[in-house]
Amino acid sequence: MHDVMNLPRMEFPKGFLWGSSTSAYQIEGDCPHNDWDRGAREGRWKEACGKACNHYALYKEDVELIRSLGHPAYRFSIEWSRVEPEEGRFDAAATEHYVDLCRRLTAAGIQPWVTLFHFTNPIWFADKGEWNKEENIGCFLRFVEYIVPKIAPYAEGWAPINEYNFYSGAPNQPEDHRRLANYAFNVLLADAGAYDIIKAHSAKPCGSPMAYLTLQPFRPHDPFDQAMTDYADWVANGWYYHAIRTGELVYPFTDARYCPQVKGRADFWGVNIYARDLVDSRRKACRADGRYPHRALRLVQSAEKPWEFSPDELMANLCRLKDKPVYITENGLATDDDRFRIVYMALHLAAIRQAMDFGVDLRSYFHWSLFDNYEWGSFDPKYGLVGFDKKTFARQPKPSAWFYKDVIAANGVSGDLVRKHLADVPSMPVACHRQGPS
Ligand code: FCB
């Protein structure tokens, strides 16, 4: 049983980097030139992004906010569709906006960590077939060539492309594997090309964050559950690490492809880590979704989406990544009850600290997210340390923001800090048992 109120004090090494993460489209607002915004105009999403958090207009104030919350680093993305709204036409004002954001962060003592692509395609790029066509890679690299030298004087860390494994092959997707393998291959090449451009301009660390899916067999010793878990893990995580380690793309039901130019093109493993899935070979969907909640820390967001968290499994998984420094580039929780965010953070930080004891070279923790942002179709999931007034956009830091500030100041987490910010552990099923045999 995790006793979050009585966690022993766990100190992080000097120089461990703390911060928060966002992406441009999810917070900026008024961003008409990408495919997500077009999707909203076509009525494809539950809600449109609209003004989001109005961050594009309020970025100066937001830099002050980040400073007041004590974050030494801030990960954000540059919206390609603003900088290059039409193919080959670069927008000077948008470029200057991002340079100024970096300048102000640096002046405020906050390290800018820059993502160059976070899910949104410029409409012109989407219409060309985006990442599905190898000949389109050059479009992205032209943008990278343009923007990197301008940002390089400020960036302290780089993430060329966010979570391309998430788009290219989450487990159990019925899509055609050949198409996904092709997509994965193209994005690997684009990522490696961007890495080389960045390295020509900056000595700072560079790596593309992956959505690390934590997968476990539903029946721990059942051979079919184990086999399905290995398969799902390969399609979600494994191919990426293998490709960067060896320059070989091994994808199910396709011939292996060789891309030596990809080998070694990451200075660190960027890990976005949220929930875990139990893989059940007896179910059509291959997922155990929400059954046996006692086997995980289960913070239910909604009846349709019971997410399960398992800090112990997170730690076990990080131990697979000992061959490079690991940066946690996202970790967070969607909840309307901010107390769960404190519990979640404390337990995950404890697990991360433990992974360090087990030999993982962990360098950062970026919390997702700074704001209650636009979560790809809806504002319902609340990931933010900071909420905002829908009419005035006034920022409203939550108790978890002050908890996190104290964690950063203490360079560690402890039951004392949890108790300071949380009168009691919320009564929802924070059933914190380790996964046991079924
Ligand atoms: C990650 C994405 C990020 C956000 C969080 C909740 O997969 O990188 O944009 O949606 O999930």
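The values are calculated or read from the model by the stated rules, or taken from the named source; none is laboratory data. Being a predicted model, the structure only gives us computed values, none of them experimental. Ideal geometry is used to build each Cβ from the backbone, glycine not excepted, and the neighbour counts take in all protein chains shown. Side chains included, ligands, DNA and RNA excluded: accessible areas come from the protein's heavy atoms. Shrake-Rupley method; radii C 1.70, N 1.55, O 1.52, S 1.80 Å.
Criterion applied to Phe218, Phe185 was being under 23 Å from Asp312 (Cα atoms) and more than 16 Å from the ligand (Cβ to nearest atom), and the one residue passing it is Phe218. Counting only helices (runs of 4 or more DSSP H) that sit wholly inside region 6-89, those with at least 2 residues that are open to solvent by less than 10 Å² (accessible area, probe 1.4 Å) are 24-27, 55-68, 80-83. Taking first residues from region 148-172 that are more than 15 Å from the ligand (Cβ to nearest atom) and partners that are at pLDDT 95 or above and aromatic (Phe, Trp, Tyr), the Cβ contacts under 6 Å between residues at least 6 apart in sequence or on separate chains come to Gly157/Trp113. Confirm whether Tyr374 is within 23 Å of Asn317 (Cβ to Cβ), within 13 Å of the ligand (Cβ to nearest atom), in a loop (DSSP other than H, G, I, E, B) and at pLDDT 95 or above. Considered against the rule, which asks whether it is within 23 Å of Asn317 (Cβ to Cβ), within 13 Å of the ligand (Cβ to nearest atom), in a loop (DSSP other than H, G, I, E, B) and at pLDDT 95 or above, Tyr374 comes out as no. The set of residues from region 308-353 being away from the ligand (no atom under 16 Å from the Cβ), part of a helix (DSSP H, G or I) and without any contact (Cβ under 8 Å) to a residue 60 or more places away in the chain comprises Met315, Ala316, Leu318, Ala351, Ile352. Restrict the check to region 95-104 and report whether at least one residue is on the phi < 0 side of the Ramachandran plot, over 24 Å from the mean Cα position of the chain (by Cα) and not in a helix (DSSP H, G or I). Checking region 95-104: not a single residue is on the phi < 0 side of the Ramachandran plot, over 24 Å from the mean Cα position of the chain (by Cα) and not in a helix (DSSP H, G or I). For Lys14, the conditions (1) out of contact with any Gly (no Cβ under 9 Å at 6 or more places or on another chain); (2) within 21 Å of Trp376 (Cβ to Cβ) all hold with the exception of (2).
Checked against the criteria, Cys259 does not count as within 24 Å of the chain's Cα centre (by Cα) and either within 16 Å of the ligand (Cβ to nearest atom) or touching a residue at least 60 places away in the same chain (Cβ under 8 Å) (or both). If I go through region 354-371 residue by residue, how many of them are without any contact (Cβ under 8 Å) to a residue 40 or more places away in the chain and part of a loop (DSSP other than H, G, I, E, B)? Matching residues across region 354-371 total 1. Report whether or not Asp35 is under 23 Å from the mean Cα position of the chain (by Cα), in contact (Cβ under 8 Å) with a residue 60 or more places away in the chain and within 16 Å of the ligand (Cβ to nearest atom). Considered against the rule, which asks whether it is under 23 Å from the mean Cα position of the chain (by Cα), in contact (Cβ under 8 Å) with a residue 60 or more places away in the chain and within 16 Å of the ligand (Cβ to nearest atom), Asp35 comes out as yes.
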